[in-house]
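The values are calculated or read from the model by the stated rules, or taken from the named source; none is laboratory data. Since we're looking at a predicted model, the values are computed, not measured. Please note: Cβ atoms are built from the backbone with ideal geometry, for glycine as well, and neighbour counts cover all protein chains shown. The protein model used for the area step is the full one, side chains on, heavy atoms only, and it has no ligands, DNA or RNA in it. Shrake-Rupley method; radii C 1.70, N 1.55, O 1.52, S 1.80 Å.
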Amino acid sequence: MRRTVLILPGLLSLPEGDSLLRQGLPALSNLCERGTFSKVAPIPESDTPESMVLGMSPNSVRLNQGPLTVSALGFDPPERSTHFHLSLMSFCDGIVSKPTLLATQNDVDVILSLAKRLDTKLLTVLKGESFDHALVWEALGDLGTSSAVDADGKLMKEHLPQGDGETTLRRFIDDSINLLTDLELNERRIDAGLPPFNLLWPWGQGVRTPVPNLALGRGEPAIVESGSMRLAGLTRLAGYKHTSRAQVGRGLGTKLRLIADRATKRSLSIVYLDVAEALRREGKLEELEWFVRELDRELLAPLLDDHIKTPSRLTVIAPGTLESFLAGDYPASPIGLSVSSETGHISHNIYPFDERCLEEKTVPARDLWALVSEAIE
């Protein structure tokens with residue numbers, strides 16, 4: 001039996017807030033009439049909340065950003081090494097900043113090709129995409145760094161690495177500035193009033209720790225689709241396969257119909273889309289409403305049509321957000337909803353898939369990871 005799991009954080013508002021799900025979503029309504037309902041318990045704090053998306057308990061995996069990025073890029077460095085996420089940033093007048101405009105692929109190719117000159121016996125730069133790359137330090141130590149978000153808009157000298165290996169990493173940062181600032185592409189950007197891409201910033205350090213081999217334990221691999229580099233890295237370590245994130249698309253350009261088409265051709269798929277979560281974070285309500293309608297029409301409708309005709313289990317899980325953020329005027333509910341349907345089984349469900357169900361005491365609450373694990377059995 002084919003199993004497809006859609007995980008869509010950020011769909012539900014607070015009960016007293018404006019609902020995105022009462023605007024007439026025919027595919028979701030049809031699925032709800034066929035499926036079994038659960039509430040999704042609030043997401044617990046975790047170093048690696050992505051583990052729950054794969055059906056693992058939140059404390060079963062503890063990996064920082066660096067090891068997840070290195071894995072996502074397909075690299076397996078020596079065991080006794082420290083992995084960093086490497087952000088391409090700007091440095092001007094002592095201030096670190098995150099560029100707001102995406103770098104072109106040609107710019108990235110030029111910068112990362114030149115950055116290989118920063119490799120040493122112990123340091124290796126790994127090329128990723130856009131602003132996200134990786135650095136491997138073939139040593140271990142107690143080290144503190146500031147994330148790209150924490151350093152953004154701040155004095156660099158107040159956020160430099162501290163602890164074991166700080167001299168090596170600070171020299172790497174200085175050398176990246178000296179190497180990249182005079183690039184022709186950066187001179188053009190400065191002349192145009194744009195911040196240069198002239199800083200490689202290591203953060204999120206950690207070592208690769210063991211991850212349960214889910215494919216071996218389950219006897220089959222799942223195919224995972226998302227736009228998350230972190231989830232892509234964890235998926236690889238767990239023995240599952242993550243499709244190219246470029247195939248999924250970004251934001252409002254997420255390729256919903258193509259995701260549906262691929263899922264109908266596989267025996268086991270997990271699709272994680274955090275677009276609604278991101279749009280809430282950015283305060284884009286009109287775009288959020290549009291995306292939810294497209295989600296119903298371009299993703300859920302074709303999956304449901306195929307589900308009715310083909311023996312399968314189709315599960316939609318809309319948990320609370322996996323990330324902590326200030327949502328402004330559009331906060332998401334910490335409690336989520338889930339509905340799961342098997343072909344030929346009609347449940348005659350009476351509950352609506354919207355905020356009214358959040359306060360229904362007869363609907364049980366379950367953990368995200370447990371719902372995913374059950375859905376892919």
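In the range 361-370, the residue that is modelled with the lowest pLDDT out of those that are open to solvent by 60 Å² or more (accessible area, probe 1.4 Å) and either at positive phi or touching a strand residue (DSSP E or B) at 6+ places or on another chain (Cβ under 9 Å) (or both) is Pro364. Selection of the range 141-161 for residues being outside any strand (DSSP E or B), touching a residue at least 24 places away in the same chain (Cβ under 8 Å) and of a type in the set (A, V, I, L, M) yields Ala148, Val149, Ala151, Met156. Checked against (1) at pLDDT 95 or above; (2) buried (at least 19 other Cβ atoms within 10 Å of the Cβ); (3) not in a helix (DSSP H, G or I), Pro195 passes all but a single condition, namely (1).
Quick one: which of Leu258, Leu300 is in a helix (DSSP H, G or I), open to solvent by 60 Å² or more (accessible area, probe 1.4 Å), on the phi < 0 side of the Ramachandran plot and hydrophobic (A, V, I, L, M, F, W, C)?
Working: Leu300 fails: open to solvent by 60 Å² or more (accessible area, probe 1.4 Å).
Checking each option against the conditions leaves just Leu258.
Cβ-Cβ contacts under 9 Å between residues 6 or more apart (or on different chains), taken from a first residue in the range 67-78 that is without any contact (Cβ under 8 Å) to a residue 60 or more places away in the chain to a second residue that is surrounded by 24 or more Cβ atoms within 10 Å (Cβ to Cβ), are listed as Asp76/Val70.
In the range 122-131, is there at least one residue being touching a Lys or Arg at 6+ places or on another chain (Cβ under 7 Å) and either part of a helix (DSSP H, G or I) or at positive phi (or both)? The answer is no; no qualifying residue exists.
Consider the range 1-39 and keep the residues that are out of contact with any strand residue (DSSP E or B) (no Cβ under 9 Å at 6 or more places or on another chain) and hydrophobic (A, V, I, L, M, F, W, C). The one that is surrounded by the most Cβ atoms within 10 Å (Cβ to Cβ) is Leu25.
Every condition in (1) touching a residue at least 40 places away in the same chain (Cβ under 8 Å); (2) out of contact with any helix residue (DSSP H, G or I) (no Cβ under 9 Å at 6 or more places or on another chain); (3) in a helix (DSSP H, G or I) holds for Leu295 except the one numbered (2). Look at (1) open to solvent by less than 20 Å² (accessible area, probe 1.4 Å); (2) modelled with pLDDT under 95 and you find that Tyr330 fails only one, number (1).
Among the candidates Val339, Val316, the residue that is under 18 Å from the mean Cα position of the chain (by Cα) and under 18 Å from Val53 (Cβ atoms) is uniquely Val316. The residues of the range 333-360 that are modelled with pLDDT under 85 and aliphatic (A, V, I, L, M), listed by number, are Ile346, Ile350. Look through the range 91-115, keep the residues that are closer than 19 Å to Lys154 by Cα and without any contact (Cβ under 8 Å) to a residue 24 or more places away in the chain, and return whichever of them is surrounded by the most Cβ atoms within 10 Å (Cβ to Cβ). Among residues in the range 91-115 that are closer than 19 Å to Lys154 by Cα and without any contact (Cβ under 8 Å) to a residue 24 or more places away in the chain, the one surrounded by the most Cβ atoms within 10 Å (Cβ to Cβ) is Thr100. Selection of the range 40-56 for residues being open to solvent by less than 40 Å² (accessible area, probe 1.4 Å) and either of a type outside the set (D, E, K, R) or closer than 27 Å to Asp305 by Cβ (or both) yields Val40, Ala41, Ile43, Ser46, Thr48, Pro49, Ser51, Met52, Val53, Leu54, Gly55, Met56.
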